[in-house]
Amino acid sequence: MKKLLTILLALALALLPVLSVAEEGAAAVTPPVHRQDYDYSGVDLSQHYTVLMYLVGDKFAGTDAVVAKMNEILEKEYNTTLEIEFLPWSDYQTKYPLILAGGEKVDLMYTASWCYLYTEAAKGSFFTLDEDFIKTNMPMTYANQKAESWGQTTINGKCVGVPCNMMVPNYKYVGIRQDLADKYGIGPLTSWDDFMNYMLTIAEKETPVSGIYAMNAASDTIELWRTYYEGYNAMGVYSDDFLTFYPEDGALPEAESIRYAVTTDMFKQYAHDMKKLADAGCWSRSALSNTIPNYEAFANLTGASLVWNGTIFNHMHTAEAAGAVTNAYDLSPNAHVFAEEYNNSVMAVAENSENPERAAMVMDLIGFDYELNLLGNLGIEGVNWEDRGNGYYFSDSTQESYPANSNAMGWWMKKDYKIGVYDDARREAFDNNFKSRMVSNPCTTFVFDETPVKAEMAAVSAVKNEYFGPLTLGLVDDVDASIAEMTGKLEASGLQTIYDEFYRQYNEWKASR
C-alpha cells in the first residue's frame, strides 16, 4: 500500500486496543454523503461503459427495478450502467472460482472472509487498490472509509478490496414453526438441547404425518455448525476454518490454541449430534444432493426450522402469510456476540476488468452516495419502503420483493443512518440484545498469507470438503471412524506444515501488536 493506507493502518493498530465495540456502536451513525460534493474529473467518462457486478445469493423479484432506478442516475450523470449477475446459493461454490478464472467479463466481485477472499487474492484475482487509484476513482471512499477497516482486506501488503464500513452483531438466529412447537407442548428454545428436542420431536411425531422435515438440510449444516460453536464462545481467526476461544480479558490468544476447526473435540461432538438427528429422520437421507435451500423450504412450509442471520425474518413472514405461526430464538443467551467484522462483506474490482477505473467509481457511488446507497439498501421509496416520519424508515407489505440489506450488495454497502427498516418487534428486540453483548474479535486484523503453504492448503481443503458435508449431515456409518480417517488424510496432506507457518505468521503479527 502507499502512504495513505500505510498511515491509516498504523493509526488503526494504535487505536484498536483501546476502542470497545460498545463505544463504537454508541456512536456508529453514518452521516449522509452526497456525490455532488466529490470530484470524479479524473475518471474518463467519454465512452459509455457497463459495469458487471457478480453477487452471491439468490435474486429478489424487485432487484431489476432497483437497479433500473440506480441506472437512471449512473447513466445520466456518469455515462455508465450497472448490471448485476447472481450466483445462487445452490451452486455458487462451483461457479464463483470459474467466473474469475475463465476470462468472462466481470468488473466487480462480491467477496468475504467466508467467500473466497483469501484464496482468490492468493491467485491474483483481485485488482490492487493503492492510494492514488482510490483517491482518483473513489473519492468518497478515500474520505469516508473507516481507517481500521483497511487492514482486513490488505493481504501480503496489497489492498484487494473495499470492506464494509460498519460493524454489526454477527450472530445466528434460529427460526421455528411455533405452531408445531405449541402442538407438541415444547416450550421456548433457550439452549442447544432444547433445539435438539424440538427437532427430534418433529421427526418422530410430525414428519410421518405431514411430511414436514424438522430441517430441510441441503449440502451441509454450516449455519447450524456456526450456531453450535458460537455457544462455546469460539471465534474464527482465519475465516471459520481456524478457530480458538474468546479470552475473557479480550487479550490475544496463544497461537497453539488456534486449531483447524474440523479436528477439534467440539466438531466431533457436533458430528455426533448431527448423526443422532439424521438417524431420527430430521432431514432427508438425500440431503447431500438436495438443491432446495433451507430458507425456501421453511418459507413454503416443508421445513420446520431455519438457521441463519437476520434474513430469517423475511422467510418467517412468508411462512406466516401461508398460515404458519413462527418464532425466533437465541440458543446461547449467555454467550458473547462477536462483531461482524469489516471483511465479512467486501467488494473487489476483478483483476481482469476491462475498465477498473469505472468499476471503482461505481463501487464508490453506490457505496457512499446517500441516494444510491439508500436505493441499494432499502429499495425504491413508495414501493419497497416508506417514510413514516420521526426520522425513521419502515418496511411495508411490499418490502418482500426487495428486503432491506438482504442481498450481498446490501451486506457490503449497509450504513447506519439511524433508520429502522423492520416493523417486526421480534427482530428489533434481538438486535438490541445482541448489540448489548457484542465484543470485538481481538484477532480481527490478522490475515494469513497462504502463499508459502499454498499447495498444502489446497490439499487440506480438498480433504475437509470431502468429509464436511457427510459429517455435518450425520450421513456416515461411524462418526469416530470417519473423523479419524479424515484426520489421517489431513495430516498426510500437510496440516502440520500449515500449522507451523500459520503460527509463525500469527506470532509475528502478535508481537507487532
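Residues Gly323, Gly367, Gly382, Gly303: which one is small (Gly, Ala, Ser), more than 26 Å from Trp225 (Cβ to Cβ) and crowded, with 23+ Cβ neighbours inside 10 Å?
Values: Gly323 fails: crowded, with 23+ Cβ neighbours inside 10 Å; Gly382 fails: crowded, with 23+ Cβ neighbours inside 10 Å; Gly303 fails: more than 26 Å from Trp225 (Cβ to Cβ).
Unique residue meeting the criteria: Gly367.
Only residues that are in a loop (DSSP other than H, G, I, E, B), of a type outside the set (Asp, Glu) and closer than 17 Å to Ser239 by Cβ: list them for the stretch 441-494, please.
Hits for the stretch 441-494 are Asn441, Pro442, Cys443, Thr444, Thr445, Phe446, Val447, Phe448.
Identify all residues within the stretch 158-214 that are surrounded by fewer than 16 Cβ atoms within 10 Å (Cβ to Cβ) and under 21 Å from Thr318 (Cα atoms); write none if there are none.
Scanning the stretch 158-214 gives Asp179, Asp182, Lys183, Ser210, Gly211.
Here is a check on your reading of the model: is Ala234 modelled with pLDDT of 90 or more, in contact with a Gly (Cβ under 8 Å, 6 or more places away or on another chain) and small (Gly, Ala, Ser)?
Considered against the rule, which asks whether it is modelled with pLDDT of 90 or more, in contact with a Gly (Cβ under 8 Å, 6 or more places away or on another chain) and small (Gly, Ala, Ser), Ala234 comes out as no.
For Glu450, are the conditions met, namely being at pLDDT below 95, under 28 Å from the mean Cα position of the chain (by Cα) and not basic (Lys, Arg)?
So Glu450 fits the description; yes.
Kindly provide the set of residues from the stretch 212-268 that are free of Cβ contacts under 8 Å to residues at least 24 places away in the same chain, over 30 Å from Asn290 (Cα atoms) and of a type in the set (S, T, N, Q), ordered by number.
Of everything in the stretch 212-268, just one residue is free of Cβ contacts under 8 Å to residues at least 24 places away in the same chain, over 30 Å from Asn290 (Cα atoms) and of a type in the set (S, T, N, Q), namely Ser257.
Can you find a residue that is under 18 Å from the mean Cα position of the chain (by Cα) and touching a residue at least 40 places away in the same chain (Cβ under 8 Å) anywhere in the stretch 126-141?
No, every residue in the stretch 126-141 fails to be under 18 Å from the mean Cα position of the chain (by Cα) and touching a residue at least 40 places away in the same chain (Cβ under 8 Å).
Restricting the search to the stretch 32-55, which residues are part of a helix (DSSP H, G or I) and loosely packed, with under 14 Cβ neighbours inside 10 Å?
Pass one, the stretch 32-55, residues part of a helix (DSSP H, G or I): 35-37.
Gln36, Asp37 - these are the residues of the stretch 32-55 that are part of a helix (DSSP H, G or I) and loosely packed, with under 14 Cβ neighbours inside 10 Å.
Is it the case that the stretch 316-337 has a residue that's within 30 Å of Phe127 (Cα to Cα), under 19 Å from the mean Cα position of the chain (by Cα) and at pLDDT below 95? Don't jump to the end; show me each part of the working.
The initial filter retains those residues of the stretch 316-337 that are within 30 Å of Phe127 (Cα to Cα), namely none.
No: the stretch 316-337 contains no residue that is within 30 Å of Phe127 (Cα to Cα), under 19 Å from the mean Cα position of the chain (by Cα) and at pLDDT below 95.
Could you give every pair whose Cβ atoms fall below 7 Å, whose first residue belongs to the stretch 67-80 and is at positive phi, and whose second residue is part of a loop (DSSP other than H, G, I, E, B) and exposed (fewer than 13 other Cβ atoms within 10 Å of the Cβ), counting only separations of at least 6 or pairs across chains?
The qualifying pairs are Asn79/His48.
From the list Ala492, Ala511, which residue is exposed (fewer than 14 other Cβ atoms within 10 Å of the Cβ), at pLDDT below 95 and aliphatic (A, V, I, L, M)?
Residue meeting the stated conditions: Ala511.
Out of Ile176, Ile202, report the one residue that is in contact with a strand residue (DSSP E or B) (Cβ under 6 Å, 6 or more places away or on another chain) and either farther than 30 Å from Met274 by Cα or not acidic (Asp, Glu) (or both).
Going through Ile176, Ile202 in turn, just one is in contact with a strand residue (DSSP E or B) (Cβ under 6 Å, 6 or more places away or on another chain) and either farther than 30 Å from Met274 by Cα or not acidic (Asp, Glu) (or both): Ile176.
So, restricting to helices (runs of 4 or more DSSP H) that lie completely within the stretch 56-166, which ones have at least 3 residues that are of a type outside the set (Val, Ile, Thr) and modelled with pLDDT under 95?
Working: elements: 63-78, 92-101, 117-123, 131-137, 139-144.
Because the criterion is at least 3 residues that are of a type outside the set (Val, Ile, Thr) and modelled with pLDDT under 95, the helices (runs of 4 or more DSSP H) in the stretch 56-166 that meet it are 92-101, 117-123.
Are any residues in the stretch 61-75 under 24 Å from Leu100 (Cα atoms) and either buried (at least 18 other Cβ atoms within 10 Å of the Cβ) or among the hydrophobic types (A, V, I, L, M, F, W, C) (or both), and if so, which ones?
Residues satisfying the conditions are Thr63, Val67.
Look through the stretch 96-120, keep the residues that are free of Cβ contacts under 8 Å to residues at least 40 places away in the same chain and not charged (D, E, K, R), and return whichever of them is farthest from Ser461 (Cα to Cα).
Out of the qualifying residues, it is Gly102.
Select the helices (runs of 4 or more DSSP H) contained entirely in the stretch 204-303, then report the ones holding at least 3 residues which are assigned by TED's automatic domain parsing to the domain that holds Glu466.
By residue number, no helices (runs of 4 or more DSSP H) qualify.
With respect to Lys172, determine if the residue is out of contact with any Pro (no Cβ under 8 Å at 6 or more places or on another chain), at pLDDT 95 or above and under 30 Å from Ser284 (Cα atoms).
It is false that Lys172 is out of contact with any Pro (no Cβ under 8 Å at 6 or more places or on another chain), at pLDDT 95 or above and under 30 Å from Ser284 (Cα atoms).
For the stretch 193-201, check the following and say yes or no: at least one residue is under 30 Å from Gly367 (Cβ atoms), outside the structural domain of Ala112 (by TED's automatic domain parsing) and outside any loop (DSSP other than H, G, I, E, B).
Scanning the stretch 193-201, I find no residue that is under 30 Å from Gly367 (Cβ atoms), outside the structural domain of Ala112 (by TED's automatic domain parsing) and outside any loop (DSSP other than H, G, I, E, B), so the answer is no.
Does Ala339 satisfy being closer than 30 Å to Gly250 by Cα, touching a residue at least 24 places away in the same chain (Cβ under 8 Å) and surrounded by fewer than 18 Cβ atoms within 10 Å (Cβ to Cβ)?
Judged against the criteria, Ala339 is not a match.
Could you check how many residues of the stretch 460-513 are out of contact with any Asp or Glu (no Cβ under 6 Å at 6 or more places or on another chain), farther than 30 Å from Trp283 by Cα and of a type outside the set (Phe, Trp, Tyr)?
15
The values are calculated or read from the model by the stated rules, or taken from the named source; none is laboratory data. Just so you know, these numbers come straight off a predicted model, no measurement behind them. FYI the Cβ positions are ideal-geometry reconstructions off the backbone, even for glycines, and counts take in every protein chain you see.
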